[in-house]
Structures are given as C-alpha cells and as structure tokens.
Amino acid sequence: MSLKKVIAGISVGDLHGIGMEVIYKSFYNGDLFQKCIPTVFGPHSLIKQYLTIYNFSFDELNFINNLDDIIENKLNIVETEVSNYNIKLGLPSEISALIAYNSLKECCYNLKNKKIDVIVTAPIDKYQIRKSVPDFIGHTEYLEKYFNKKSLMVMLSSVMKVAFVTGHISLNQVSRNITIEKIIYRTKSFCECLKSDFKIKNPKIAILGLNPHAGENNMLGSEESEIISPAIKQLQSEEKILADGPIPADSFFIDEKLRKYDGILAMYHDQGLIPFKSLSFSKGVNYTAGIDVVRTSPVHGVAYDIAGKGFADPNSFTESVNYACEIFKSKKRIA
C-alpha cells in the first residue's frame, strides 16, 4: 500500500548551536525531500538571521504562518513567534533556549492534533531551558508528560539497538531504581517496539548486568542474582520473550555478540550510550518509543564549540529523519 509523504515536524533547537545548520544540510545536500515534507517550527526572523550568518540561501525555503500552506520539495518554516533578538552563535542563552522550548511545544501540539505525522527534534540546552521552565528535564520526559504515556528511550543505528532500564538519573540512584518489575516492563516494551516498529517477529534481547563482570557470583554486587536474573526468568517463562542475561557489559560490545541480538537492554544511561556513541556517533539516532507517536533526534548536542564554523556533520540528523519516516510507515501499515 502506497503512503503519502510523511509530514515531518521539526523543532528548531537552540539557535545558538548547530541545530539549524544540520537541518538545512540534511535536506539540501541529500534526497530527504523524497521521503517527507519537512516543517520547521521557529521564528522567521531568527532563522533568516541564522542562515545569513552561514551564507545559506533562504530563497528556496517556504516561510509560512499556517500549516495549510506547506509544500513539497522545500523546507517549510512555520512562524512560532515574532522576535527581534540577535543571535550569538556559540553562547548559551536563556532566550534562545526558550525559543527552542516553544518550538518543541508547537511540534507536540500539532502532532497531538494530527497536523503533522512525526517529530524530529534538534538539540537543546536543557540547563538554559530550566531557567525559564524549572521542571524541564529533557525531551523524553517532556513527551511522556505531554502524551501521558510511559516512554522507552531507544538508541538506533545499523550496528545496534539499545534501550535502558533507567534514564536521566544520577549514577548513585541507579541501583535503587532497578527492580524486577521495571526490568520486565522495559523489556516487554522494547520487545513490542522491535516487533511493531522494526518488523522483527521474535526479537532476541541481551540484558546486561549492572556490576563489573555481572556481579562475579555476588562478589561484586548482588543485583544480578536478586533482581536481574529473576526478572529474566520471568520474561522467559511467563512472557515467552527471548531474553539472555545478565551479560557482563564490559565484554559485550564486540561484533560477534552484537550480531547475535536484535536489541540490548542496558541498566543505566552511560552503560549503553558510551559504547553506542563510540560505534555509531555519526549516524546514531535517539528514538522515543512507547508513547504512541514517533519522535527521533540526533545523538549529539548543541555543540556550541563549532557553531557558526560550518563543519557540523548532518548525518545523525539525516538518519533521525529517515528513521522517523520508516517507523511511522511501519506503524501505519500495522494499524
């Protein structure tokens, strides 16, 4: 069944970073226009100012005030707010951070109201946003609250797919936040994601241990024997999920083992993200699964240090758009 082009809502990100640079390069240096109709939400005046700094032409962009006026084969820019602010590339700013936050809100509103099909988010400065929005933690947590669903952060690349039991919490809180129930819930959610979004009929999932050498028979920690192993046994016997583990994380991320599994469940943020970014940084994608809508983002941040220099790599953002379109189409076909 043929589907119309996906309408991709894009949050502009922090305009003091590289977000708009990688957005522009992704569409005007490749073939993404064949896959979607891109729609960036942000202030017209600031986006024009940004592109002028880079000597990017904005003659081919479609500056509009209403989503009804989007067109194919151009980067559509939907006005979110009028601003006379002067961009200062490379410098953290509460004002530019709030503009990024407002762009995210517009994306979510239009996604919820089915005006767009997916969201691809450019990088933000979470610390600066918190100055105006004190309860803001990050994209994932905002989306959970907005769509009233528990999410699952999944990192995607051609090398691996990684999900997490715990997310954006400090390392000293990880152990107390790992429970049998949470491991089971996350694994079931990950398994469903792999089936519905990536067409993997019977996913095989590697579940990592928490401690060095997966606890070394309780010498280096008891979470494996008391929490992780019982959860895996229940997943195998009651949920009929192909789950292996707990597997020592320090020796897992090699080609031979990565090829054996469709997905990897890490216990905490850096356990999964350090090897993922080491092997997949240039083309890695962050996917927010479990919330019944499609949102992806590049794995890099605002990159103030290279903002305005013109050599930001757009590949991670490009792949974020590609994955968003493919996942949306997969979900539509199943529905």
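The values are calculated or read from the model by the stated rules, or taken from the named source; none is laboratory data. In this text, all values refer to a predicted model and were calculated from it rather than measured experimentally. Cβ atoms come from the backbone with ideal geometry, glycine included; neighbour counts cover every protein chain shown.
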The listed residue being touching a residue at least 24 places away in the same chain (Cβ under 8 Å) and within 13 Å of Gly13 (Cα to Cα), out of Leu91, Leu111, Leu51, Leu104: Leu104
Odd one out for Ile264 among (1) in contact (Cβ under 8 Å) with a residue 12 or more places away in the chain; (2) assigned to a loop (DSSP other than H, G, I, E, B); (3) of a type in the set (A, V, I, L, M, F, W, C): (2)
Filter result for Ile37 (aliphatic (A, V, I, L, M), part of a helix (DSSP H, G or I), at pLDDT 95 or above and surrounded by 18 or more Cβ atoms within 10 Å (Cβ to Cβ)): no
Residues being surrounded by 22 or more Cβ atoms within 10 Å (Cβ to Cβ) and closer than 30 Å to Tyr109 by Cβ - total across the stretch 249-288: 5
Residue under evaluation Val120, criteria (1) surrounded by 19 or more Cβ atoms within 10 Å (Cβ to Cβ); (2) touching a Ser or Thr at 6+ places or on another chain (Cβ under 6 Å); (3) farther than 17 Å from Ile291 by Cα; (4) among the hydrophobic types (A, V, I, L, M, F, W, C), criterion not met: (3)
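Each row is one residue, and each column tells you yes or no for (1) among the hydrophobic types (A, V, I, L, M, F, W, C); (2) buried (at least 22 other Cβ atoms within 10 Å of the Cβ).
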{"residue": "Phe136", "(1), (2)": "yes, no"}
{"residue": "Ser158", "(1), (2)": "no, no"}
{"residue": "Lys201", "(1), (2)": "no, no"}
{"residue": "Ala214", "(1), (2)": "yes, yes"}
{"residue": "Met219", "(1), (2)": "yes, no"}
Hits in the stretch 80-94 (condition: surrounded by fewer than 17 Cβ atoms within 10 Å (Cβ to Cβ) and under 29 Å from Asn148 (Cα atoms)): Glu81, Glu94
Residue ID - modelled with the lowest pLDDT, chosen from residues in the stretch 134-191 that are under 25 Å from Lys112 (Cα atoms) and small (Gly, Ala, Ser): Gly167
Hits in the stretch 187-217 (condition: touching a helix residue (DSSP H, G or I) at 6+ places or on another chain (Cβ under 6 Å) and in a loop (DSSP other than H, G, I, E, B)): Ile200, Pro203, Gly209, Leu210
Selection count, the stretch 297-331, where residues are over 14 Å from Cys36 (Cα atoms) and of a type in the set (Ser, Thr, Tyr): 4
Count - residues of the stretch 193-220 that are more than 13 Å from Asp244 (Cβ to Cβ) and in contact (Cβ under 8 Å) with a residue 12 or more places away in the chain: 13
Tyr287 assigned by TED's automatic domain parsing to the domain that holds Glu21 and closer than 14 Å to Ala163 by Cα: yes
Unique residue being buried (at least 19 other Cβ atoms within 10 Å of the Cβ), more than 16 Å from the chain's Cα centre (by Cα) and not basic (Lys, Arg) when the list is Ile169, Ile183: Ile183
Asp305 vs. criteria charged (D, E, K, R), more than 27 Å from Tyr127 (Cβ to Cβ) and outside the structural domain of Thr187 (by TED's automatic domain parsing): no
